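Take a look at the structure set out below.
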Amino acid sequence: MYKLAVFGNPINHSLSPIIHTQFAEQTGVKISYEKILAPVDDFISSATDFINNGTNGFNITVPFKLDAFKLATKLTLNAKTAKAVNTIKIDGDKLIGENTDGAGLVNDLTNNLNIDLKGKIILVLGAGGATQGILLPLLNQQPRRVMIANRTAIKASKLKHDFAKYGKTCGFGLEKIKHNPVDIIINATSASLDGKMPDIAKGCANGAICYDLMYGQQTPFMNWSKANNAKMTVDGLGMLVEQAAISFEFWTGKKPDTKSVIDSLRS
Ligand code: ATR
């Protein structure tokens, strides 16, 4: 029996227990997977109690991914570059920190949506934690270029420099986005949470695949992309299931089928 959990605040809305229970049924692995609401200012005590009671690992969601990064005693390359941890595996006395968000996004784009990222121009909106988590897995797919555009230009330039060794990147302010179409636009800003759309040139959406990391609702970015001739408009539900699948395999060694789970959540 794998004893697992997800920590967050809030956590009630989390689909992770449903997703992992479906993975466990498919693969025949026995798990318990609970939602744990940790106090905003004391994730560490909450996680330490859970660890001391015996666990195989856990997920970490907003706002604790940076705390989990600090809690981990060993980090994967993804976690190091993301500077955030969404999955911890207990391995003897080690707490191995991994970040499966970016690989989850890439798996959704490449396996579920059949999009080959090689040679593509990808525009990423935002330069916060979400962007930091997806850049390495995106660059590993060898796109022609990843353009990072942010309301605060300096943060985009900093990410450009930090990730330049992994592939071709550029970073600038949102106002510098031209009307030239790009292949893929990824909304990694938190603007949707406030019901807002980043203020950018409309023409870049023309014929583009527009992907919002948010899920569960039609976001202003999704409405904007449809109104501006996007080729495809997608929410982040597939990414959510894919990142969970990578965590599940990291803990149990078993690779679950994701398509049936995505279908069941969309129905
Ligand atoms: P997360 O971990 O979700 O990435 P974050 O680190 O707080 O959260 O980053 C939020 C990102 O969304 C930032 O890039 C932010 O832009 P700034 O760096 O200029 O603050 C971006 N963002 C939030 N609201 C936005 C809006 N209304 N328009 C454009 N960008 C927005």
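Report the local net charge at Thr189: Lys and Arg +1, Asp and Glu -1, summed over other residues whose C-beta lies under 14 Å from its C-beta. Numbers along the way, then the final one.
Details: positive: Arg151, Lys155, Lys196; negative: Asp194, Asp199, Asp212.
Summing Lys/Arg as +1 and Asp/Glu as -1 gives 0.
Do any of Lys30/Lys74; Lys35/Lys83; Lys226/Lys255; Lys35/Lys168; Lys35/Lys120 go past 30 Å between their Cα atoms, and which?
Values: Lys30/Lys74 26 Å; Lys35/Lys83 23 Å; Lys226/Lys255 34 Å; Lys35/Lys168 39 Å; Lys35/Lys120 38 Å.
Where the Cα-Cα span goes over 30 Å, the pairs concerned are Lys226/Lys255; Lys35/Lys168; Lys35/Lys120.
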- Message: Over the chain, with a Gaussian network built from C-alpha contacts below 10 Å, which listed residue (Ile185, Ile88, Ile51) shows the highest mean-square fluctuation?
- Response: Ile51
- For the chain, the per residue accessible area (1.4 Å probe, Å²) is 46
- Query: Where both residues lie in region 2-99, what percent of DSSP beta bridges are antiparallel, nearest 5?
  - Reply: 40
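Which FRET efficiency value, to the nearest 0.05, do you get for Ala201 and Lys118 by plugging their Cβ-Cβ distance into 1/(1 + (r/R0)^6) with R0 = 22 Å? Don't jump to the answer; show the numbers that get you there.
Details: r = 26 Å, r/R0 = 1.17.
The computed FRET efficiency comes out at 0.30.
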- At what distance in nm do the modelled label points of Glu249 and Asp162 sit from each other, each positioned 7 Å from its Cα along Cα→Cβ? 2.6
- Taking alpha-carbon centroids only, region 148-212 lies from region 74-144 a number of Å equal to 17
- Hey, got the dipole for the chain? About the Cα centre, +1 on K and R Cβ, -1 on D and E Cβ, debye to the nearest 20? 1000
- Task: Please compute the net charge surrounding Arg266, taking Lys and Arg as +1 and Asp and Glu as -1 over other residues with Cβ under 12 Å from its Cβ.
- Result: -1
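Using a cut-off of 12 Å between beta-carbons, work out the net charge of the residues near Leu117 (Lys and Arg +1, Asp and Glu -1, Leu117 not included). Display every interim value, and only then the final one.
Details: positive: Lys118, Lys120, Arg144, Arg145; negative: Asp108, Asp116, Asp183.
Overall, the nearby charge balance is +1.
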- Query: In region 50-134, which trypsin sites (Lys or Arg not before Pro) fall in coil by DSSP and have 10 or fewer other Cβ atoms within 10 Å?
  - Reply: Lys118
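Taking 0.36 nm per residue of sequence separation and subtracting the Cα-Cα distance, how much length would be gained by fully extending the chain between Lys3 and Lys83, in nm to one decimal? Write out the running numbers ahead of the final one.
Values: separation 80, 0.36 × 80 = 28.80 nm, distance 2.57 nm.
Stretched out fully, the Lys3 to Lys83 stretch lengthens by 26.2 nm.
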- Task: Take every DSSP beta bridge with both residues inside the chain and express the antiparallel ones as a percent of the total, to the nearest 5.
- Result: 20
- Task: Only helical DSSP H runs with n ≥ 4 go in: add -39500 (n - 2.57) per run for the chain, normalise by residue count and round the 222 nm mean residue ellipticity to 500 deg cm²/dmol.
- Result: -10500 deg cm²/dmol
- Query: Of the accessible area of the chain, with the probe set at 1.4 angstrom, what percent is carbon plus sulfur?
  - Reply: 51
- Once label points are set 7 Å from the Cα along Cα→Cβ at both Lys94 and Gln142, what is their separation, rounded to one decimal in nm? 3.0
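The values are calculated or read from the model by the stated rules, or taken from the named source; none is laboratory data. All values reported here derive from a predicted model rather than from experimental measurement. We place every Cβ from the backbone using ideal geometry, glycine too, and count neighbours over all the protein chains shown. Side chains are part of the model used for accessible areas, which takes the heavy atoms of the whole protein and leaves out ligands, DNA and RNA. Shrake-Rupley method; radii C 1.70, N 1.55, O 1.52, S 1.80 Å.
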